[in-house]
Amino acid sequence: MTTKARVLVVDDERSMQEFLEIFLRSENYAVETAGDVASALIHLDNDEFDVVISDIMMPGGSGIDLLHSVNQVSPETVVIMITAFASTETAIAAMKEGAYDYVTKPFKVDELRIVMEKALEKKLLASENKRLRSELRTRARDRAIIGSSAPMQHVYELVAQVADSKANVLITGESGTGKEMVARSIHADGPRSERPFVAVNCAAIPENLLESELFGHVKGAFTGAVQNKVGLFELADRGTLFLDEVGELPLPIQVKLLRVIQEKSFRRVGGTTDGHVDVRIVAATNRCLSDDVATGRFREDLYYRINVIEIPLPPLRERSDDVPLLVSHFTEKFARELGKPVEGFSEEAMARLSGYSFPGNVRELENVVERAVALTHGPVIEVSALPPVLLNPSTASTSTQIPPEGIDLEDVVNDFERTLLTEALRISGGVKKRAAKLVGVSFRSFRYRLEKLGLDRDDPSAS
C-alpha cells in the first residue's frame, strides 16, 4: 500500500483552509491545517510533512517567517507560497529564501495540482539523494581500514605518502589482510578519486577470457564476439585499475600488460588500431613475486614496473591489538545488515577471539563475526556462537613451536589447510563457490586444493 504524501496547509482564512483541505484530500493527500505560524510550528514539531502550502501575509508572523523555520527544522520539506498580493518582489523574496514555487490567489486547481506533483518529485529526489549519500557513507565506513596498532600506523603513513603520487603500487600480504581496502584508500585519497576505481581478480577469470576482459575486443574477433566490448583498462581511464592476485597472470598477458604500462596504449582483441589510456596501476599479491621472477614464472621487467612502491600488509597475528576494534566494527556492520539487536561479544567470547591466530586474517575474523551475529538472538554473543576452530584451537594446528625431532612441514600445512577448507564447506552448506569466497581463493583454486587434500566431493549441487 502506497503511503500518502503529507501536506500542511497554513492560511489565516478558514475558507481557504477548508477549500485546500477538500481539494488535496480528493487528490489522495493526507492533510493537516493551521491558521497561523505558531500553530504550524506545533504541527512541524510533532509530525513530518512532505509539502507545506502557506499564505505569505498572515497576522502574527508571515509565510516567509514560517519558511525560515521549515528550512531549519525540516530542510527536505518543500514549501509552496500562496498570496493575494502578487508582486515580483514578494515572489523573488520567497524563492530566494528557499520556497519551491509560488501561486497567486485566485488560482486554478489545475495549476496547484501541477505544482504539487512537481514539488513531490523534488521531495522524492531529495530523499533519494539523502539515502544514497547515507549508503555511500556506510559503504565507505565498511570498507575503511581498521586498526590502531604500530604495524597499521606504518601502513597508513605509506598510503598517505603514495596517494598523491602517480607511481604504480604493489600491495603484498597474506590472503585476507585487506589489500583491496588499502587500494581503495589510495584511490580515494588521491587526485583520481572522482574517477573510476576498477577492481579485477586476475585469478578468477579464465585464461582464454583474460585478454578480452582487460583490453576489450571487436565484433567478430572470436566465436561469441557479437559486438564490440570495452575492456577494464578503458573503463578505468583517468582512474585506478586494481589488479588483485596479479601473480596469477599468465606470461602472454604479462607481456601485453607491460606494454600498456610503458606506452599507455593497448589494442583490443581482433582490433587493428591502438587505443590510449591514462590509468594508475595498483596491484596486489599474496605470492613472493621476486621468487616467481627467479623461476621465470613472472616477468622481471613487469615486476619492476608494478613494484615502484611496495606496501606490505601485516597478518592479523602480528597486530592482535587490533582484534577488538575489528570485532566491534564487524559486529556493528552485520547487526545492521542482518537486522539483529546484537551489541557485542561476552568477555569469554572476546578472549577466545583475541587468543586465536586467525590464519585467514581479517577475512576470517569477518566471517567468524558474521556467523556469530547470524546465530545470536540476544544482545550479547556467547562462546557457543563461535566456530569449532575457536572452541578447540588445537584442531587448527596453529602452534609455531617445533619439537626437537622436527616436523614434516608439508604435512602440517596440509592438515591446517584441510581444517580451514572443511570449515568453509561446513559454513557454506557444501556450496563450493561460496566456500571458496570465504577463504579468499578462486573457485578453480578451491577445487584443486580439495582434490589435492582428498576432500573433493563429486556432488554437482555443491558447486
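The values are calculated or read from the model by the stated rules, or taken from the named source; none is laboratory data. Remember, it's a predicted structure, so these values are computed and weren't measured experimentally. Here Cβ is always computed from backbone atoms with ideal geometry, including for glycine, and neighbour counts include all displayed protein chains. SASA here: full protein model, heavy atoms, side chains in, ligands and nucleic acids out. Shrake-Rupley method; radii C 1.70, N 1.55, O 1.52, S 1.80 Å.
Can you list residues whose amide H is under 5 Å from Ser175's amide H, if they're 5+ apart or on another chain and H is modeled 1.01 Å from N?
none
Rounded to the nearest whole Å², what accessible area per residue is found for the chain with the 1.4 Å probe?
Here the residues of the chain average 52 Å² of exposed surface.
Compute the whole-percent fraction of alpha carbon pairs in segment 262-303 spaced more than 12 Å apart.
The answer is 70 percent, as a whole percent.
Nearest 10 degrees is fine. How inclined is helix 361-375 to the longest principal axis of the chain, computing both from alpha carbons?
In the chain, helix 361-375 runs at an angle near 60 degrees to the longest axis.
For Tyr102, what residues show an amide H to amide H distance below 5 Å, using hydrogens built from the backbone and excluding near sequence neighbours?
Correct list: Met81.
Looking at this model, which pairs from Lys4/Lys108; Lys118/Lys333; Lys4/Lys96 are more than 25 angstrom apart at the alpha-carbon?
In this structure, Lys118/Lys333; Lys4/Lys96 lie more than 25 Å apart at Cα.
Pull up all non-local amide H partners of Glu310: gap of 5 or more, or a different chain, and H-to-H distance under 5 Å with H placed in the peptide plane.
Leu170
So what are the ³J(HN,Hα) numbers for segment 336-348, from phi and the Karplus equation (6.51, -1.76, 1.60; θ = phi - 60°), rounded to whole Hz, Gly and Pro as x?
Rounded to whole hertz, the list is 5, 5, 8, x, 9, x, 6, 10, x, 9, 5, 4, 5.
Can you compute 3J(HN,Hα) from phi for each residue in segment 239-252, using the Karplus curve 6.51 cos²θ - 1.76 cosθ + 1.60 with θ = phi - 60°, rounded to whole Hz and x for Gly and Pro?
x, 10, 10, 9, 9, 7, 6, 4, x, 8, 5, x, 4, x
Using DSSP, restrict attention to beta bridges with both residues in the chain and report what percent are antiparallel, rounded to the nearest 5.
So the antiparallel bridges amount to about 5 percent of the total.
On a C-alpha basis, how far is the centre of segment 339-365 from the centre of segment 220-249 in Å? Whole number, if you could?
Answer, in whole Å: 38.
If you take the beta carbon distance between Ala374 and Lys166 as r and set R0 to 45 Å, what does 1/(1 + (r/R0)^6) give as a FRET efficiency, to the nearest 0.05?
Using R0 = 45 Å, I get an efficiency of 0.55.
Ignoring any ligand, DNA or RNA, what whole percent of the accessible area of segment 240-354 comes from carbon and sulfur when the probe is 1.4 angstrom?
Taking all protein chains in place, segment 240-354 shows 47 percent carbon and sulfur surface.
Considering only protein heavy atoms, with the full assembly of protein chains and a 1.4 angstrom probe, order Val439, Val226 by accessible area, largest first.
Val226, Val439
If I stretch the segment between Glu76 and Met95 completely, what's the gain in nm (0.36 nm per residue apart, minus their alpha carbon distance), one decimal?
Gain in length upon complete extension: 5.3 nm.
Taking a point 7 angstrom from the Cα of Glu157 along the C-beta vector, which residues in segment 285-328 have backbone N less than 19 Å away?
Counting backbone N atoms under 19 Å from the label point, the list is 309-315, 318-322.
Hey, of (1) 133; (2) 243; (3) 189, which did the structure itself give for volume of the Cα convex hull per residue in Å³ when calculated?
(2)
Among DSSP bridges having both ends in segment 149-294, what percentage is antiparallel? Round to the nearest 5.
20 percent
For Ile261 and Asp408, calculate 0.36 nm times their separation in residues minus their Cα-Cα distance, and state this gained length in nm to one decimal.
Here the answer is 48.6 nm.
Would you list Tyr304, Tyr29 from the most to the least accessible area, probe 1.4 Å?
Ranked list, largest accessible area first: Tyr304, Tyr29.
Could you work out [θ]222 nm for the chain from helices alone, using -39500 (n - 2.57) per DSSP H run of at least four and dividing by all its residues? Round to the nearest 500 deg cm²/dmol.
Counting only the DSSP helices, I get -14500 deg cm²/dmol.
If you take the Cα atoms of segment 266-395, find Rg, then find the Kirkwood Rh from the mean of 1/r over all pairs, what is Rg/Rh?
1.18
Over segment 49-116, with every protein chain in place, what whole percent of the accessible area is carbon and sulfur at 1.4 Å, could you tell me?
Carbon and sulfur: 58 percent of the exposed surface of segment 49-116.
Starting from the Cα gyration tensor of segment 162-293, multiply each eigenvalue by 5, take the square root, and state the resulting semi-axes largest first in whole Å.
With the √(5λ) rule applied to segment 162-293, the semi-axes are 25, 18, 13 Å.
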